[in-house]
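Single-structure report; data block below.
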Amino acid sequence: MALKTEEMVLNMGPQHPSTHGVLRLELQLDGEIIKDVVPHIGYLHRCFEKHCEAMTYPQVIPYTDRMDYLASMYNEFGYAVAMERLLKIEVPERVEYIRVIMGELQRIASHLVAIGTYGADIGAFTPFLFCFRDRERILHLFEITCGARLLYNYIWIGGLSHDLHPDFIRLTKEFIKDFRPNVIELNELLSYNRIFIERTANVGVLPLETAINYGVSGPNLRASGMKWDLRKDDPYSVYHKFDYDIPVGKGDKGKVGDCWDRYYVRVLEMEESLKIIEQAIEQIPEGDIASAIPKRIKPPEGQIYTRVENPRGELGYFIISDGSLNPARVKVRAPSFVTMQVFPELCKGFMVADVVAILGSVDIVLGEIDR
Amino acid sequence: MGLLDQEFTEGNIVIAKTEDLFNWARLSSLWQVGFGLACCAIEMMATSASHYDFDRFGVIPRPSPRQSDVIIISGTVTFKMAIRIKRLYEQMPDPKYVISMGSCSNCGGPYWEHGYHVLKGVDRVIPVDVYVPGCPPRPEALLEGLLKLQEKIRNESIVKKSA
Amino acid sequence: MKTAEEIFNQLKEKFGSSIIELKLDKPVEPYLIVNPLEVDKICLFLKDENELLFDSIMNLSGVDDANGAKEKDDKGLETIKGGTLSVFYHIESTKLKHKLTLKVSTDREKPEVVTVTEVWKGADWHEREAYDMYGIIFLNHPDLRRILMPYDWEFGYPLRKDYKNPEFYQGMKVPY
């Protein structure tokens, strides 16, 4: 006699300890195997684009901070690069170097949160505390420069709001010296741990053709085997003056493009960021940081689309100006929005516990998806 | 606890009012629902990490609202989410407390003027005990908010219901 | 690597009347204006042709041009009648390293554009967001419904320039 079975709908609701923020996933299950996943977003929609049309151009910067709250420096950086290309102003070299140093420190801080919470989702609680200990040192560096720990309002159109603190360079060199052995410790704790490898290798494989068709970028695309980094392929600021490598997923522990590859590419990227910061500190010139900031910003009528390399992928700003003091349209192309589209493809055929592993490896931030 | 250790003379008999004993038990082990919405949630996670520890006050995160005492609303509350917050609040068993962290949940925050989807303050759907200002508040500010909540619990009475 | 003029000339000889013009005068990026009901055939050609190979869509966004007549409706509030809504497409080629911008314009009263989800699957959610915020209907879209606002939001399309807030939504007061 055959057993009668039917599909079940399970709700991973907006309040859940492992969805990184307020995300609702509707899982259609056949026993324990997943047939389909339907993500529902919009629980953090804060009307960023409507606010931009009511504020002046410099007043938009605190709002861009709050979109991707784990990498706020990069959001401001992207907006400043877009506006400077539209207004055609040249920024002093010291400003460019400081922006690169802050951006790379922010990249390390963001990857530390991604790795720490991924370990906590899988079940390992200790790496979470280790990563947050190192992150507190980076937040201390940001705090002595501009006064805030998380949302800075530091990178302005045409310059910066404060110059570097006199102790900043010394403290950064000490941080780099203390952080390099910590990465090795983290690898021994988490990356080469047998239980971690069993849970993440061969799970959630993203083929390269699918990734390019959907528009995926950043560490997720690099883990699928393609060497594509906007700092080298579509350069902005002074990144062409530094010598660094781009880590790519090679399928060490399973297929190319699985969860372990996506996680390991982030660990290797932290090393490369340390190299960039060291070179930038050696080469930084003197100068005035506020000399190119315009008094009133009234761009000519026109539009521009610029993109920068966020820790999560390609962050794009599309700005249309109609000649007045307020923008006519600001659209933000968030990398996590595009990655959530590809998420149902990654989960089909795996089990419920793998959904948590795949969601953590893809590293989304809900503030960016919902804007 | 100034009240209780003066009662220990010899042997182990403690004489105290029932109210004080209940209040002391409740405020020393406030278990919170792990509920973070936006940027303030990252500061809440940093408060529970090792630099500014939450565990030394007895606060540990629990995954389900049916096993917790306090809910910390950290981040912007939108209309889509407000309906679910009301449901979570009704699922918590008595006695329950609410801490509103950050200016978005106090009064709408920077989105008060043109936010068509933002609820201007979480006290429009659930009653709040302590408000912690800041955008985002420093971890020390959140700890002070917790201490203020503990003070409020210490002065509660089991006979007269508070407002 | 091809420039915008070369691509415009190549498209003009194949599609003729659907490609309307190439705008080069305004800063900073040039764009091509295309017919809204034929944009999927043009995009399929752009993706498959050997010298063009546009295999990835970077961005798709709706814009309210606000170029209609401003008038007051029966409640005394300002609305806009007539005019256009537009959709901008930014596409690129990862192999040949060139980029292109396309624009389509439709009426404000009855906005309809053909979907490009068969060409690039990544355009799916972007089009849903343009529908949610502006009310632009994408023909042949597999699943067109609201994505960021609640599913039962019946007070209009928020990013239009003449959008007005309701007073109450499910018992909660909306203004400050």
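The values are calculated or read from the model by the stated rules, or taken from the named source; none is laboratory data. This structure is a prediction, so every number in the text was calculated from the model and none was measured. With ideal geometry, Cβ positions are generated from the backbone for all residues, glycine too; neighbour counts draw on all protein chains shown.
Points to keep in mind about this one:
- Taking (1) part of a helix (DSSP H, G or I); (2) of a type in the set (S, T, N, Q); (3) at positive phi in turn, A:SER237 satisfies each apart from (1).
Quick grid of which residues meet (1) within 14 Å of chain C (Cβ to nearest Cβ); (2) assigned to a helix (DSSP H, G or I); (3) surrounded by 14 or more Cβ atoms within 10 Å (Cβ to Cβ):
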{"residue": "A:ARG137", "(1), (2), (3)": "no, yes, yes"}
{"residue": "A:ARG149", "(1), (2), (3)": "no, no, yes"}
{"residue": "A:TYR152", "(1), (2), (3)": "no, no, yes"}
{"residue": "A:LYS177", "(1), (2), (3)": "no, yes, no"}
{"residue": "A:LEU186", "(1), (2), (3)": "no, yes, yes"}
{"residue": "A:ASN202", "(1), (2), (3)": "no, no, yes"}
{"residue": "A:LEU206", "(1), (2), (3)": "yes, no, yes"}
{"residue": "A:ARG222", "(1), (2), (3)": "yes, yes, yes"}
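- Criterion: within 25 Å of A:HIS40 (Cβ to Cβ), surrounded by 22 or more Cβ atoms within 10 Å (Cβ to Cβ) and in contact (Cβ under 8 Å) with a residue 40 or more places away in the chain - qualifying residue of A:ARG262, A:ARG266: A:ARG262
- Residues satisfying the stated conditions in segment C:131-155, i.e. more than 10 Å from every other protein chain (Cβ to nearest Cβ) and under 22 Å from B:GLU113 (Cβ atoms): C:TYR134
- Summed over segment A:64-88, residues that are at the interface with another protein chain (Cβ under 8 Å from one of its Cβ atoms) and farther than 20 Å from A:LYS298 by Cβ total 3.
- Filter pass, C:ASN50 being assigned to a loop (DSSP other than H, G, I, E, B) and of a type in the set (S, T, N, Q): yes
- Only residues that are more than 10 Å from chain A (Cβ to nearest Cβ), under 14 Å from C:VAL104 (Cα atoms) and crowded, with 21+ Cβ neighbours inside 10 Å were counted in segment C:54-85, giving 1.
- Among the residues making up segment C:89-123, those that are more than 12 Å from the chain's Cα centre (by Cα), at the interface with chain A (Cβ under 10 Å from one of its Cβ atoms) and of a type in the set (D, E, K, R) are C:GLU92, C:LYS95, C:LYS97, C:LYS99, C:LYS121.
- Segment C:1-22, residues that are charged (D, E, K, R) and touching a residue at least 60 places away in the same chain (Cβ under 8 Å): C:LYS2
- Test for A:ILE115: is it closer than 30 Å to C:PRO27 by Cα, among the β-branched types (Val, Ile, Thr) and in a helix (DSSP H, G or I): no
- Here the condition is being under 20 Å from A:ARG135 (Cβ atoms), of a type in the set (Lys, Arg) and within 21 Å of the chain's Cα centre (by Cα); of A:ARG222, A:ARG266, it holds for A:ARG266 alone.
- Of the residues screened, A:GLU93 is one that is away from every other protein chain (no Cβ under 14 Å) and either closer than 19 Å to A:HIS162 by Cα or surrounded by fewer than 23 Cβ atoms within 10 Å (Cβ to Cβ) (or both).
- One residue stands out in segment A:224-249 among those that are in contact (Cβ under 8 Å) with a residue 12 or more places away in the chain and among the charged types (D, E, K, R): the one that is surrounded by the fewest Cβ atoms within 10 Å (Cβ to Cβ), namely A:ASP243.
- Given (1) within 14 Å of another protein chain (Cβ to nearest Cβ); (2) within 22 Å of A:VAL308 (Cα to Cα), index of the condition A:HIS240 fails: (1)
- Segment A:1-55, subset in a strand (DSSP E or B) and basic (Lys, Arg), residue farthest from the other protein chains (Cβ to nearest Cβ): A:LYS35
- Residue list for segment C:28-43, filter: farther than 13 Å from C:TYR89 by Cβ, in contact (Cβ under 8 Å) with a residue 40 or more places away in the chain and within 14 Å of chain A (Cβ to nearest Cβ): C:PRO30
- Filtered by the rule that a residue be within 17 Å of A:ASN187 (Cβ to Cβ) and of a type in the set (Phe, Trp, Tyr), segment A:114-128 gives A:TYR118, A:PHE128.
- Listed by position, the helices (runs of 4 or more DSSP H) inside segment B:37-145 whose residues that are among the polar types (S, T, N, Q), buried (at least 21 other Cβ atoms within 10 Å of the Cβ) and more than 7 Å from every other protein chain (Cβ to nearest Cβ) number at least 1 are B:39-48, B:103-107.
- Test: A:VAL338 is in contact (Cβ under 8 Å) with a residue 40 or more places away in the chain and closer than 23 Å to A:PRO39 by Cβ: yes
- Boolean, C:LEU32 is surrounded by fewer than 20 Cβ atoms within 10 Å (Cβ to Cβ), at pLDDT 75 or above, outside any helix (DSSP H, G or I) and not basic (Lys, Arg): no
- Residue check for A:GLU84: touching a Ser or Thr at 6+ places or on another chain (Cβ under 6 Å), in a helix (DSSP H, G or I) and either under 22 Å from A:ILE369 (Cβ atoms) or among the charged types (D, E, K, R) (or both): no
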